[in-house]
Every structure is written in structure tokens, then in C-alpha cells.
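Colleague: I'd like to ask some things about the structure below.
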Amino acid sequence: KAFDLHQAVKIALLAMAVSPIPPILPGKQLKLGGRPAYIFGLLVAISLVALVTVPLDVDILGRIFGREVHLGFAPIAILIGKTVFLPLVLGLAIARFFPTIAGRLAVVLSRLGNVLLVAGLLPILISVWPAVKALVGNGTLLAITAVVVTAITAGHLIGGPDPHDRIALGIFSAMRHPGVALSVATTNAPENKMITAAILLFVLTATILTSIYGTVMVRKLG
């Protein structure tokens, strides 16, 4: 309401809002001193809840805005299963049956995953870069920043007495699974590069702001 945003940006913001957290996030939080049990517990819990809430939220938003929009359970379950639960189960199995190599393999696979992630995102980013640049300067970046800062603040405030838990939840609250968001957004607006550009701009903004927030908070803790 406060910004005169492009329709694609509004769709992207709503899609990101109803999406779960990305599977690559725990690595960042562990480096900031977060407790593994808390971080991975949140990842699993939110991913499980998302199987129900994402299709439900899409249906509710469609009713609110008077549009016929639906997203089935199966696409979300497959996407979250492939990106969250399958890697998690494989990792637990390797740690259980091959504990001597699990630690070394985890480091190698983590680095390989980051390389593949960049390699996969780079062509998409290049293809929609003109649309990303068109969104900067018309209030979109300011609106995204406001959403991200609000999410970080909310997560930090309800994160409990442990300062590292507050940092972890602050970051969790601001970051979203771009794959799920794209699935939600493009179900009813396929091939819309502006939506993809807005989602990528959100991811980039959230990544930068959560990194700054995490670094500052850890330094304050000494």
C-alpha cells in the first residue's frame, strides 16, 4: 500500500512471504555460531509445515484478491523433498554408516553445492538482469528492504533467551526458498521475467542484509 509497485513485484513479494526457508541456509548460520540442533530442527519443522501451508496460503491469497489461483500439494512436496529432505536423509545415512569419511565428505559436498548453485543461478540472473535493473529505483528495492528488515527484527525479538538462537531465527525469518517462490508465482503467470527478477532481487537483498546483521550481532557477542 505504501509503494506504487509493479504487479509482478507484488506477486513476487507474496510468493516469497509464503515460501519456506532455503536448504543452503544452515551452513551460513552454523558459521555464525548457531546450535546445529536448533538450526536443523527449524529447517525440518518449517519444511514439513510448508507442505500444508504453502498450498493453503496460495488458496487464501487467491480468495482475498479475487483471483482463481491454486497450487497442488504434489509440486511443493516434490520440490521440498528433492531440495531439503533427500539431501538430509542421505547425509544422515552417510554419517551413520560411514562416520570416518562423513566430515571430509561434508566439506567437499558443501563447496561443490555452492559452486553448482552459483553456476545454476548465473544464467538465470543474466537472462533477467535487464528486468532486475528496471526494478531498481522505482521503490521496489526500498519495499524489499523494508520487508527483509521487518522479518529480521521479528525473528530476533521472538528468538528466545539464547543470543545465537535469536540470530538464527532472525536470518531464517528473512530468507526464503526461491524455488518454491518461483513455483508459486509462475503457476498463474508463466514466463513472466519481471516476477523472476523481483524474486532474485529479493534473494540478493536478503542475503546481503542478513549477512550484515549476522556479522554485526556476532561481533557484539564478542
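The values are calculated or read from the model by the stated rules, or taken from the named source; none is laboratory data. Quantities reported herein were computed from a predicted structural model and do not represent experimental measurements. Cβ sites come from the backbone with ideal geometry, for glycine too, and all protein chains shown count toward neighbours. Heads up: the accessible areas ignore ligands, DNA and RNA and are worked out on the full protein's heavy atoms, side chains in. Shrake-Rupley method; radii C 1.70, N 1.55, O 1.52, S 1.80 Å.
Colleague: In the set Leu116, Leu121, Leu112, Leu201, which member is within 19 Å of the chain's Cα centre (by Cα), among the hydrophobic types (A, V, I, L, M, F, W, C) and loosely packed, with under 12 Cβ neighbours inside 10 Å?
Modeller: Numbers: Leu121 fails: loosely packed, with under 12 Cβ neighbours inside 10 Å; Leu112 fails: within 19 Å of the chain's Cα centre (by Cα); Leu201 fails: loosely packed, with under 12 Cβ neighbours inside 10 Å.
Leu116 is the lone residue from the list that is within 19 Å of the chain's Cα centre (by Cα), among the hydrophobic types (A, V, I, L, M, F, W, C) and loosely packed, with under 12 Cβ neighbours inside 10 Å.
Colleague: Which one of Val149, Val180 is surrounded by 19 or more Cβ atoms within 10 Å (Cβ to Cβ) and under 24 Å from Pro26 (Cβ atoms)? Full working, then the answer.
Modeller: On the way: Val149 fails: surrounded by 19 or more Cβ atoms within 10 Å (Cβ to Cβ).
Testing whether each residue is surrounded by 19 or more Cβ atoms within 10 Å (Cβ to Cβ) and under 24 Å from Pro26 (Cβ atoms) leaves just Val180.
Colleague: Given the criterion open to solvent by 70 Å² or more (accessible area, probe 1.4 Å) and not charged (D, E, K, R), identify the matching residue among Thr53, Thr100.
Modeller: Only one candidate qualifies: Thr100.
Colleague: Restricting attention to region 152-168, does a residue exist that is out of contact with any strand residue (DSSP E or B) (no Cβ under 7 Å at 6 or more places or on another chain), open to solvent by 10 Å² or more (accessible area, probe 1.4 Å) and closer than 26 Å to Ala8 by Cβ?
Modeller: The answer is yes, given that some residue of region 152-168 is out of contact with any strand residue (DSSP E or B) (no Cβ under 7 Å at 6 or more places or on another chain), open to solvent by 10 Å² or more (accessible area, probe 1.4 Å) and closer than 26 Å to Ala8 by Cβ.
Colleague: Pairs, please: C-beta under 7 Å, at least 6 apart or cross-chain, first residue within 24 Å of Gly62 (Cβ to Cβ) and in region 163-184, second among the hydroxyl-bearing types (Ser, Thr, Tyr)?
Modeller: Close Cβ pairs satisfying both conditions: Arg176/Ser19; His177/Ser19; Gly179/Thr83; Val180/Ser19; Ala181/Ser19; Leu182/Thr196; Val184/Ser19.
Colleague: Ok, one more. Can you tell me which residues in region 19-50 are in a helix (DSSP H, G or I) and surrounded by 15 or more Cβ atoms within 10 Å (Cβ to Cβ)? Break it down into steps so the answer makes sense when it comes.
Modeller: Taking region 19-50 and keeping what is in a helix (DSSP H, G or I), we get 25-31, 36-50.
Across region 19-50, the qualifying residues are Leu25, Pro26, Lys28, Gln29, Tyr38, Ile39, Phe40, Leu42, Leu43, Ile46, Ser47, Ala50.
Colleague: Also, quick follow-up: Return the residue satisfying two criteria in turn: it lies in region 69-93 and is without any contact (Cβ under 8 Å) to a residue 40 or more places away in the chain and of a type outside the set (A, V, I, L, M, F, W, C), and of such residues it is most open to solvent (accessible area, probe 1.4 Å).
Modeller: Lys82
Colleague: On to the next question. Which residue pairs have Cβ atoms under 7 Å apart, sit 6 or more places apart or on different chains, and have a first residue in region 97-115 that is at pLDDT below 85 and a second that is surrounded by 12 or more Cβ atoms within 10 Å (Cβ to Cβ) and of a type outside the set (A, V, I, L, M)?
Modeller: Ser110/Gly27
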